[in-house]
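To start, the structure itself, in structure tokens.
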Amino acid sequence: MSGSYDDSVGVEVSSDSFWEVGNYKRTVKRIDDGHRLCNDLMNCIHERARIEKGYAQQLTEWAKRWKQLVEKGPQYGTVERAWCAFMSEAEKVSELHLEVKGSLMNEDFEKIKNWQKEAFHKQMMGGFKETKEAEDGFRKAQKPWAKKLKEVEAAKKAYHAACKEEKLAISRETNSKADPALNPEQLKKLQDKVERSKQDVLKTKEKYEKSLKELDSATPQYMENMEQVFEQCQQFEEKRLRFFREVLLEVQKHLDLSNAASYKNIYRELEQNIKTADAVEDLRWFRANQGPGMSMNWPQFEEWSADLNRTLSRREKKKASDGVTLTGINQTGDQVSQPNKHSSSLSVQSNTVQSVQSSYNPFEDEEDTGSTVSEKEDSKIKNVSSYEKNQSYPTDWSDEESNNPFSSTDANGDTNPFDEDTSPAMEVRVRALYDYEGQEQDELSFKAGDELTKMENEDEQGWCKGRLDNGQVGLYPANYVEPIQ
């Protein structure tokens, strides 16, 4: 790289050496580079902090969603607690990564920012004070030597020009001796020209050698002054390099969770929670709360009572509350007394079959559409599990109840989307699957295999209106027939 010096226009740079005129500018530029490198390091740390924050948020959202899924799913007991421990681990790790993000921004980022502000001082006219001081120092140290170098270059140029002129004069004199037409006076002029050019050569050579000697004598002082300014730049750069090393070590400590006691405790606790999973204990709990260990209000002989044993008509059942309260249930000694969300509720809802959204895959990657993960998940959590843990079941097998999972209504009271026809005006031929004896005057009676005409689709209680081939019109249970293909 060739350099130039303002007071030494015309000085040729012969090499890329630092000692050449103007080549100190690379050292000066390093100061500006140091300021820019501080910005680069801050940007680097800032991006990492954003990644840490994003990862922490994703862990939290993942833990929240799957904790709800597991709690609503069929898993129970100690294995459920072991499974949920993974979500607890994610929440704790999320907190640690938020602490990492805070350390990077509040400590490391701010430290670099403050150091940069203290180390580099901007000028009113642009640039940095440190850059100008280094530039002025090098210019001052180089100016005397550069001036002498310029004189040397001029003396060399004059000497070489004199040598060229001398050679030309000698050549003309030699050629004139062979020319008979040249008079003695002209020959004398050529000889004088040769003599003067020899004297010019000696004179310019002496001046050239003298300027070189002066330059050589000024070189030690020039080197000393340049070394002094360069050393000042080195010290300034050393502070930046040492500071960067110190900051990077602190960043490493903030990022390294392997030595954090709280990080190790998270996985120690996770391991303990998983090891506490006990299949025998879970099976014993399920037997006591969902199996043969449950108490039963076995039928006993009861005296007839007109008030207590009155038979409810179908229409009265429709008006009654969906909830059925069981009374007279006594806890046995074998029943486990641990409180758990799985325990059977005494108030049993009659219409609680859950609809399953088979199209949802919890392991499928979500596309980035600009909405947050939690917004997408909230609409999915309700129907992911095959059933709710606290799902209630019908308390009797009466066909008059609306709990048939094959009926056209789901748990939310919505119509079955798989029904082929929901129009109330269409008549369809159906065949009886089972015998049915009408319990009231407005109900039909038929045998398995009989055919009849369905006049209206099933209502909210699971009854359809139909007509027998003899013309009798009445109601019948919807799930006792099937369409004729």
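Key figures for this structure:
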read-out	value
Neighbourhood charge, 11 Å Cβ-Cβ cut-off, centred on residue 240 and excluding it, Lys, Arg +1 and Asp, Glu -1	-1
Average accessible surface area per residue within segment 129-236, 1.4 Å rolling probe, Å²	69 Å²
Prolate/oblate/rounded call for segment 428-483, Cα gyration tensor, a/c under 1.5 rounded	rounded
Of all accessible heavy-atom area on segment 89-210, the percent that carbon and sulfur account for (1.4 Å)	53 percent
Selection from 455, 438, 428, by position along the positive dipole direction of segment 428-483 (Cβ)	428
3J(HN,Hα) from dihedral phi, segment 214-223, Karplus parametrisation 6.51/-1.76/1.60, rounded to Hz, x for glycine, proline	5, 5, 4, 5, 8, 4, x, 5, 4, 5
Between segment 23-58 and segment 90-112, the Cα center-to-center distance that results, in Å	18 Å
Rg and Dmax of segment 129-236, Cα atoms only, in Å	23.4, 78
Karplus-derived HN-Hα couplings along segment 285-294 (A = 6.51, B = -1.76, C = 1.60, θ = phi - 60°), whole Hz, x at Gly and Pro	5, 5, 4, 6, 9, 10, x, x, x, 6
Subset of 148/210; 167/193; 117/140; 53/239; 147/198; 72/92 violating a 20 Å alpha-carbon distance limit	117/140; 53/239; 147/198; 72/92
Heavy-atom surface of segment 428-483, accessible at 1.4 Å and reported per residue (Å²)	53 Å²
Residue-by-residue Karplus 3J(HN,Hα) for segment 298-303, coefficients 6.51, -1.76, 1.60, Hz, glycine and proline x	4, x, 10, 5, 10, 5
Rounded Å value of the spacing that divides the Cα centres of segment 153-193 and segment 215-262	62 Å
Cut-off under 5 Å, modelled amide H: who pairs with residue 481 long-range	433
Placed amide H near residue 465: partners under 5 Å, 5+ positions off or other chain	455, 456
Size of charge dipole - segment 129-236 - debye, nearest 20, with Cβ of Lys, Arg +1 and Asp, Glu -1, no other charges	500 debye
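The values are calculated or read from the model by the stated rules, or taken from the named source; none is laboratory data. Source: prediction; values computed, not measured. No Cβ is skipped: glycine too gets one built from the backbone with ideal geometry, and neighbour counts run over all protein chains shown. Quick note on the areas: whole protein, heavy atoms, side chains included, nothing else; ligands and nucleic acids left out. Shrake-Rupley method; radii C 1.70, N 1.55, O 1.52, S 1.80 Å.
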